[in-house]
Amino acid sequence: MKLHQHAYLHCYFWLLFAASAQAQPGDLVLHYDKPASAWTEALPVGNGRLGAMVFGKVNEEVLQLNEATLWSGGPVGKNINPQAFSYLAPLRQALLDDDYARATALAKHMQGLFSESYLPLGDLLITQDVSPDVTAYQRALNIRDAIATTDFDAEGIHYTREVFASAPANVMVVRFSADQARHISLHIRTRSALHFSNSIRHDELILSGKTPAHVDPSYFNVNRNPVIYDDPAHCKGMRFELIVKPVVKDGTVKMSNNQINISNASEVVLLLSAATSFNGFDHCPDSQGLNQHVLAQSMLDKAAHQSFTQLFNAHEQDFHHYFDRVSLTLNPDEADRSALSTDERLADYTRNENDSALEALYFQYGRYLLISSARTRNAPANLQGIWNRDVRPPWSSNYTTNINLEMNYWPVEAANLTEMFTPLDDLIHHLAVTGHDTAASFYHAPGWMLHHNSDIWAMSYPVGDLGKGDPTWASWYMGGDWLSRHLWEHYQYTGDVDFLRHAYPLMKGAAQFTLAWLQPWHGYLVTMPSTSPENVFYFGDHQQGNVSIASTMDMSIIRDLFSNLITASEILGTDVEFRKQLQDATAKLFPLQIGSKGQIQEWYRDFEEVDPHHRHTSHLYGLYPADEISPLNTPAFAAAAKRTLELRGDDGTGWSLAWKVNMWARLLDGNHAYRLLRNMFRLTRETDIHYGEHGGAYPNLFDAHPPFQIDGNFGGTAGMMEMLLQSQDHVLHLLPALPDAWAKGSVAGLVGRGNFVVNMQWSAHQLQTADILSRSGGPCTIRAAVPFEIKSLQLHSEAGQSGYTLSFISKRGETYQVSAR
């Protein structure tokens, strides 16, 4: 797909200036005064494909390594459950009979197998011969330069370690140095939790291994072996290789016992290269796989011809190209707390200390993690980005499409990182292929569809191990429709009509399935069966049900897809007959309902929820990420959405809190959004909770579900942007949900729909100035809470329904200066 490089030329230099002028180095560093004692204290580095968690230990350093394409299993089979379709008509009849218990029992017969798991590559273990009695210890992660460092003094010598993952060189680089010559002695080895062997070849240490043919999820208790390496009936697992090459100044190197031993060196640089045999979602990684050794060796050989300085300079330039597009400063006059270690700052923040710079750091940390984990074709960021230590990770570390995968990509466009969308675009293409088979074999329907789990093999059928899963999560049918929104949003933000032509058939395929899936009911078109993801309702004599008709989320997603597709067909001037079919169907879709508590109903009836504070707020999809509910355009539904959030409460898992931040921002309530944002910063330790409903942030700022899920980080960054800039209604709404806590600040480089880049400064809680760069040209409407003008156009805002607005036709490449009056 196009990367729109020409568009960045107009604004890149002034964005660089804005970023460098507003963000000091200390504002963009996580730092600690002791080594990591837990995985969620270690620091993540990544180049989008290779990832490492750096612990910063003194004598026994550990780098826990990952590779984005290293998964269990192989391509999904067709017709996994040939009997599934025979249960669909009885299931629908059970729902028409209000027999929800029978509906649940029948839905279980329509399940497939579990998804596969994202797996850890291995560990780099480094023993350094230094005194354990160290002083002046510090480890840090500079998120602008994307480098982790460890510094300490021992016996009068200052030692430094530096770790970065280079995208240009496609390797990871580790440097050991000291301020005195010939004082570095290391013993280096590798291991993996998977089947592996170590070997020495010339001056390189090689770890070779193979993944299991299948891995069951960790949360599901099964009688069989949950990790299967050899399965004759299934594609055998994926091959992988890790190569470690030392480059040593002075000293001696000995390779023995599958270990690198370095003595009395002045400097040591380790180059790490890794590759897998992954050859696409539809190729067996064993019999049809790529040559992982050739791939890993070629990347290593190219990198070995460069010095450390050359490698780092290219890495830094590459990372700055993305990271420096956006800067954020909040309350610059506030007391500087950056001298405190990051975990101390989190602890103080949890005790209700103000730390606006920490909030800005968290915002940029989300962008750092996105750049570091979402740059691999065919392998978008999963539940943990690219950082995972477990063979059976939580929820298989897969692509959970009833919220979590989508949340990973919420900040991509607005955070000026549109290139990071490419891996998700790849996956959607693959899902359209497998989802076509699922639609045909499970439901005898056209088009393509997706349930709530997927993996690198683009699995699309309902999980549940052929009847052992709970329909509460297994029986959800709207994954393809929701992912289609990301295709549409990429067009909205970039204005790339060529991309829209490429995306239109995918969106149409999702709609074709949905048109066939919809059923007539009391004059409406409804989904039947239908669930509201992972939530349960009471019916009858306090019985619990999960499968019903026309969940609010289903109907909102469908309205959203149909509306976007209708507009897309008009833009492209195509498919008039299909457009009419969508328009006719839209008029019959079951509408939003307001319940007895003044809330948006979650189901087609006003059922009582089993868990009133449930982590999912699926029935508010129309508020965020869609634009069906708006305080300005649909005030009654907006009031009902507010009541819904009040009933759900202000607690929840990490990602749930992030979703609520975005929703409160859409309701233009910045103070409430900020309250939820503060809850996301509650310091959480691995020893506190494992699985729970009380989210927060780990010492390394990873989002705590708990356990770790990266979608909370990405959702939090998206929520902060939503507080500062909204554009879902074809209007650039400046500072729409600015909380009282952010009295003064500035932001540069945010992107609004219509392909506008926005810089803003505010003080005393009010907008002062803004620069609007139009990268595509065309209509531009601006809204703000205070009167403003564009002097160059001699235009003044007018008072309206909510604040002040101004409209004009922008020219491509022009920047417009907005000033408060």
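The values are calculated or read from the model by the stated rules, or taken from the named source; none is laboratory data. The structure presented is a predicted model; accordingly, all values stated were derived computationally and were not measured. All Cβ positions, glycine included, derive from the backbone under ideal geometry; neighbour counts span all protein chains shown. Accessible surface is based on the protein model in full, side chains and every heavy atom, while ligands, DNA and RNA are left aside. Shrake-Rupley method; radii C 1.70, N 1.55, O 1.52, S 1.80 Å.
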How many of the residues making up the stretch 61-92 are of a type in the set (D, E, K, R) and either under 15 Å from Ser441 (Cα atoms) or open to solvent by 10 Å² or more (accessible area, probe 1.4 Å) (or both)? 2
Give the number of residues within the stretch 308-362 that are among the polar types (S, T, N, Q), open to solvent by 30 Å² or more (accessible area, probe 1.4 Å) and in a helix (DSSP H, G or I). 5
Determine whether Ala516 is surrounded by fewer than 21 Cβ atoms within 10 Å (Cβ to Cβ), among the small types (Gly, Ala, Ser) and in a helix (DSSP H, G or I). yes
If you go through Asp584, Asp554, the only one that is assigned to a helix (DSSP H, G or I) and in contact (Cβ under 8 Å) with a residue 40 or more places away in the chain is Asp554
How about the stretch 267-282: which of its residues are touching a Gly at 6+ places or on another chain (Cβ under 7 Å) and surrounded by fewer than 24 Cβ atoms within 10 Å (Cβ to Cβ)? Asn279
Search the stretch 1-53 for residues being open to solvent by 30 Å² or more (accessible area, probe 1.4 Å) and among the acidic types (Asp, Glu), and hand back the single one that is modelled with the lowest pLDDT. Asp27
From the options Asn331, Asn257, Asn313, Asn261, residue that is at pLDDT below 95, over 30 Å from Ala458 (Cβ atoms) and not charged (D, E, K, R): Asn257
Lone unmet requirement of (1) open to solvent by 10 Å² or more (accessible area, probe 1.4 Å); (2) closer than 28 Å to Thr567 by Cβ for Leu724: (1)
Has the stretch 748-765 got at least one residue that is assigned to a loop (DSSP other than H, G, I, E, B), modelled with pLDDT of 95 or more and more than 22 Å from Thr567 (Cβ to Cβ)? yes
Could you list, in sequence order, the residues of the stretch 651-672 that are in contact with a His (Cβ under 8 Å, 6 or more places away or on another chain) and within 18 Å of Gly598 (Cβ to Cβ)? Trp664
Note on Arg675: of the conditions (1) open to solvent by 10 Å² or more (accessible area, probe 1.4 Å); (2) of a type outside the set (S, T, N, Q); (3) outside any helix (DSSP H, G or I), unmet is (3)
Can you confirm whether the stretch 217-227 contains a residue that is in contact with a Leu (Cβ under 6 Å, 6 or more places away or on another chain) and closer than 21 Å to Ser397 by Cβ? no
Scanning the stretch 385-399 residue by residue, the ones that are polar (S, T, N, Q) and open to solvent by 10 Å² or more (accessible area, probe 1.4 Å) total 0
Just a yes or no: is a residue in the stretch 710-721 surrounded by fewer than 24 Cβ atoms within 10 Å (Cβ to Cβ) and assigned to a loop (DSSP other than H, G, I, E, B)? no
For the stretch 235-266, give me the residue count where each residue is surrounded by 20 or more Cβ atoms within 10 Å (Cβ to Cβ) and not in a strand (DSSP E or B). 4
Within the set of pairs 6 or more residues apart or between chains, which connect a residue that is closer than 24 Å to Ala52 by Cβ inside the stretch 263-292 to a residue that is of a type in the set (Phe, Trp, Tyr) and open to solvent by 10 Å² or more (accessible area, probe 1.4 Å) with Cβ atoms less than 6 Å apart? Val269/Phe308; Pro285/Phe278
The stretch 174-205, subset of a type in the set (A, V, I, L, M, F, W, C), touching a Gly at 6+ places or on another chain (Cβ under 8 Å) and buried (at least 19 other Cβ atoms within 10 Å of the Cβ), residue nearest to Leu121 (Cα to Cα): Leu194
So in the stretch 93-127, with the set limited to residues that are hydrophobic (A, V, I, L, M, F, W, C) and open to solvent by 40 Å² or more (accessible area, probe 1.4 Å), which one is farthest from Leu271 (Cα to Cα)? Leu96
Which residues, taken from the stretch 99-127, are more than 30 Å from Gly280 (Cβ to Cβ), in contact (Cβ under 8 Å) with a residue 12 or more places away in the chain and part of a loop (DSSP other than H, G, I, E, B)? His109
Filter the stretch 689-704 for residues that are modelled with pLDDT under 95 and closer than 16 Å to Gly652 by Cβ; which is least open to solvent (accessible area, probe 1.4 Å)? Gly695
Quick one: which helices (runs of 4 or more DSSP H) lie wholly within the stretch 407-502 and hold at least 2 residues that are under 25 Å from Gly712 (Cβ atoms) and open to solvent by 20 Å² or more (accessible area, probe 1.4 Å)? 479-494
One residue from Thr434, Thr400 being at negative phi, more than 18 Å from the chain's Cα centre (by Cα) and polar (S, T, N, Q): Thr434
